[in-house]
Amino acid sequence: MLKCDLGSRVLFLHHNYPAQFRHLALHLAELGHEVVFLSERNLIGELPGIRQLTVASSKPLAHANLYGQLACSERFREAMLQLRTDGWTPDLVISHSGWGCGLDVSWVFPQARRVAYLEWWFRNDCADYSYDPDNPWWSYSTSARLKLRHRNLSLALELSEADAVVTPTCWQRSQLPEALQQRCTVIHEGVDTDYFVMNPSWRPRDKLRLTYATRGMEPMRGFPEFVQALPELLESWPQLEVVIAGDDRVAYGANLPKEGSFGRWAGARLQPWLQQKRVRFVGHLPMQFYARLLKSSHVHCYLSRPFVASWSLLEAMASGCCLVASDVEAVRELADAEATLWTDHRETRALATSLGQALAMKSAERLKRGHQQRERACTSWSRPQTLGAWLGLLGI
């Protein structure tokens, strides 16, 4: 346990603002701590009680290799040195590890306590490498895996110097070498179960609504497989409508289709149902409308390769969605095991069958499963619990 006295100075480091640290930073500010947040990008403006400073950079935000991480560390080092010159030194530094932001914390602020927040360690035998080697949209060459392995170089230094290491799930901790696993505490960011709530009255009465929500339409989240399963479902269920939320972009890498994006690729394959307005792409939704979409879902599809599970999974659970989800360890750790209809989304037929089973259920059964998912979210992943775990680690 770290000791963080009332009124301590806390410095957050992340290339995006506020990202995973939003609620923790706000909570520490509310408790009376002096919070400064260094980031390269701020897309939301100001948050109460937090002094956000933009790290000067004339280069694009590309830190996906060792040289990019070292360049990032240099920019954050200069920003931290400026803070020190201005007479501000933190008691505690919490950094998003793996991009280079916190690589030189001990160099600039050797007396500060340090917490490294870990998202992913690139194992040589990562499950994703062998998950579906024949997938046309996704492949790992030997050279690509070697480059990913080298991303651990800067990460290893930052984790080894940290006083504490935090990662959101046991699955993510299990990717670490054994020595680092022993120093790693699991604390998820949690979900706001007061904002994402269950309200079946939002669900259409004359239709069956299947929802899919994603940050980016890409293979990491099984988007191509989802699209390939839809024609059979749309033909079999005349009352079915499909609502797809998210940006037409790739966040994690992919072999793009000839159309140039998976959204355009999907549009070409779903054209008849798009014209009938039975399939709708609603783009990136503001939080209020996104929460309404989840409430309105009869069946929600969440797919993922063996990687970090999305926040959208917990948000769908808190909203009481009847969930069809990929049967991978990262998802199994979060979702209710009995309420979820598990599927192997690598097989279009298996995915279509699982979605069909959910659509064929009586409304009472879907409702029951939704209540189970919400209960799981409330009892295991609610934000007060996760903030409490953070405060326990920090000794507040």
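The values are calculated or read from the model by the stated rules, or taken from the named source; none is laboratory data. Being a predicted model, the structure only gives us computed values, none of them experimental. All Cβ positions, glycine included, derive from the backbone under ideal geometry; neighbour counts span all protein chains shown. Ligands, DNA and RNA are stripped out before the accessible areas are found, and what is left, the full protein with its side chains, is counted by its heavy atoms. Shrake-Rupley method; radii C 1.70, N 1.55, O 1.52, S 1.80 Å.
Answer rounded, prolate or oblate for segment 184-308, using the Cα gyration tensor with square roots of eigenvalues a ≥ b ≥ c: rounded when a/c is under 1.5, else prolate when a/b is larger than b/c, else oblate.
Oblate is the answer for segment 184-308, as a/c is 1.5 or above yet b/c matches or exceeds a/b.
Counting only protein heavy atoms and a 1.4 Å probe, tell me what percentage of segment 219-342's accessible area is made up of carbon and sulfur.
52 percent
For segment 39-134, which whole percent of the accessible surface, found with a 1.4 angstrom probe, sits on carbon and sulfur atoms?
Accessible surface attributable to carbon and sulfur in segment 39-134 totals 51 percent.
Calculated from DSSP H runs of 4 or more alone, at -39500 (n - 2.57) each and per residue, what is the 222 nm mean residue ellipticity of the chain, nearest 500?
Calculated from helices alone, the mean residue ellipticity at 222 nm is -11000 deg cm²/dmol.
Can you pull the three principal axis extents for the Cα set of the chain, in Å, largest first?
67, 45, 38
Using the Karplus curve 6.51 cos²θ - 1.76 cosθ + 1.60 with θ = phi - 60°, what ³J(HN,Hα) values do you get for each residue of segment 192-197, in whole Hz, with x for Gly and Pro?
Ordered by residue, 3J(HN,Hα) equals 7, 7, 8, 8, 8, 10 Hz.
With just the Cα atoms defining each centre, how far is segment 16-44 from segment 247-283? Give it in Å.
Cα centroid to Cα centroid, the span is 34 Å.
Find which of Thr193, Tyr131, Leu394 sits farthest along the positive direction of the dipole of the chain, computed with +1 on the beta-carbon of Lys and Arg, -1 on that of Asp and Glu, about the Cα centre.
Of the listed residues, the answer is Thr193.
Suppose every Lys and Arg Cβ carries +1 and every Asp and Glu Cβ carries -1, with no other charges. What dipole size does the chain come out with about its Cα centre, to the nearest 20 debye?
With only Lys, Arg, Asp and Glu charged at Cβ, the dipole is about 780 debye.
Quick check: net charge around Gly45, other residues with Cβ under 15 Å of its Cβ, Lys/Arg +1 and Asp/Glu -1?
Cβ neighbours under 15 Å give a net charge of +2.
Excluding ligands and nucleic acids, what accessible area in Å² is computed for Ser141 using a 1.4 Å probe, to the nearest 10?
Using a 1.4 Å probe on the heavy atoms, I get roughly 60 Å².
Kindly identify segment 135-245 as rounded, prolate or oblate by the Cα gyration tensor criterion: order the square roots of the eigenvalues as a ≥ b ≥ c, call it rounded if a/c is under 1.5, otherwise compare a/b with b/c, prolate if a/b is larger, else oblate.
oblate
So which helices of the chain fit the span-like rule, where a helix is a whole DSSP H run, its Cα atoms reach 15 Å or more along the axis, and its mean Kyte-Doolittle is at least -1.0?
Passing helices, by number: 66-85, 223-236, 348-360, 383-394.
Rolling a 1.4 angstrom probe over the protein heavy atoms, how many square angstrom per residue are accessible across the chain?
Spelled out: the 1.4 Å probe surface of the chain, per residue, equals 44 Å².
Among residues other than Gln275 whose Cβ falls under 14 Å from its Cβ, what is the net charge (Lys/Arg +1, Asp/Glu -1)?
Net charge around Gln275: +3.
Students sometimes get this wrong: rank Arg215, Arg145, Arg366 by accessible area, probe 1.4 Å, all chains present, largest first.
Per-residue accessible area, sorted high to low, gives Arg215, Arg145, Arg366.
How charged is the neighbourhood of Tyr302? Take every other residue with its Cβ under 11 Å from the Cβ of Tyr302, and add Lys/Arg as +1 and Asp/Glu as -1.
Once positives and negatives cancel, what remains is 0.
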